[in-house]
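Everything on this sheet refers to the single structure shown next.
The values are calculated or read from the model by the stated rules, or taken from the named source; none is laboratory data. Treat the numbers as computed from the prediction; the structure is a model and nothing was measured. Counting neighbours? That spans all protein chains shown, and the Cβs are built from the backbone with ideal geometry, glycine included. In case anyone asks, the SASA skips ligands and DNA or RNA and just uses the protein heavy atoms, side chains included. Shrake-Rupley method; radii C 1.70, N 1.55, O 1.52, S 1.80 Å.
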Amino acid sequence: MADHAPDGGTAAGDSGEELNFQAGEFTPAQIEAGRKLFASGCEFFYAAQALQTLPEPAGVEIAFAGRSNVGKSSLLNALTGRKALARVSHQPGRTRQLNFFRCAAGPVVLVDMPGYGYAEAPKEVKRDWQGLMLDYLRGRPNLRRVLLLLDSRVELKVSDQTVMELLDQSAVAYQIVLTKADAVKPGALKRKQDEILALTKKHPAALNSLFTTSSETGQGIEELRASIAEFL
């Protein structure tokens with residue numbers, strides 16, 4: 001089935017062209033589709049530490065990437081309505097594998113990528129992403145989107161910029177998701193949103209739209225669910 005953007009347009013498929021979800025512009029029907037997708041439940045089913053051990057491609061994969069303390073596990077738990085679907089680690093940088101979660105209501109697989117940036121040096125980030133990470137991004141035929149999580153509270157890190165460059169080089173369409181928005185005052189949050197939207201224009205694989213979320217308050221979770229459901 002072709003992917004459809006919220007305005008009714010048709011996505012570019014696997015070509016890497018933009019499928020430009022505008023966060024916050026979803027209809028009630030799209031919000032309900034997202035709710036139903038995740039209300040049915042999502043379960044962990046596979047972990048891979050090498051390209052040769054990846055599961056057979058099936059369904060639509062949406063990968064989640066971000067720095068080790070960006071709140072990725074908390075966001076996955078909030079999306080799926082589970083308290084411990086993705087383990088929240090107190091040891092940043094610990095996970096070095098791809099974790100796969102299957103949604104029961106549709107052919108959607110969420111892929112939790114290892115956190116990066118525990119070491120800030122760009123060469124170390126690139127080293128961490130050599131092999132499995134880049135091979136997965138470049139060669140996975142059913143990978144339709146990477147959601148790159150950035151912390152609303154802190155300035156953009158060198159490691160974030162390095163990963164954006166690697167995603168550009170991999171020709172993988174990715175969209176920014178701001179996390180922990182509940183901890184930022186409205187004025188500062190607006191400045192962060194403007195900063196990130198301006199940055200996306202400099203990166204060919206980045207979509208010029210973003211989601212602003214809070215796993216604590218639920219802000220943006222409905223819209224993010226709806227955007228994932230649009231791939232069905």
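General observations
- Those residues of the range 205-220 which are out of contact with any Asp or Glu (no Cβ under 8 Å at 6 or more places or on another chain) and open to solvent by 10 Å² or more (accessible area, probe 1.4 Å), in sequence order: LEU210, THR212, SER215, GLY218, GLY220
- Among the residues making up the range 45-76, a single one is over 19 Å from LEU143 (Cβ atoms) and open to solvent by less than 10 Å² (accessible area, probe 1.4 Å): VAL70.
- Close pairs from the range 94-114: first touching a residue at least 60 places away in the same chain (Cβ under 8 Å) and within 17 Å of ALA78 (Cβ to Cβ), partner in a loop (DSSP other than H, G, I, E, B) and not aromatic (Phe, Trp, Tyr), Cβ under 9 Å, at least 6 apart: CYS103/SER40; CYS103/GLY41; CYS103/GLY59; VAL108/GLY59; VAL108/LEU232; LEU110/LEU85; LEU110/ALA86
- Single condition MET164 does not satisfy, out of (1) closer than 23 Å to LEU79 by Cβ; (2) at pLDDT 95 or above: (2)
- Residue selected from the range 132-180 under the condition among the charged types (D, E, K, R) and within 13 Å of LYS192 (Cβ to Cβ), by the criterion surrounded by the most Cβ atoms within 10 Å (Cβ to Cβ): ASP160
- Subset of the range 181-201 that is out of contact with any strand residue (DSSP E or B) (no Cβ under 6 Å at 6 or more places or on another chain) and among the hydrophobic types (A, V, I, L, M, F, W, C) - its residue that is surrounded by the fewest Cβ atoms within 10 Å (Cβ to Cβ): ALA198
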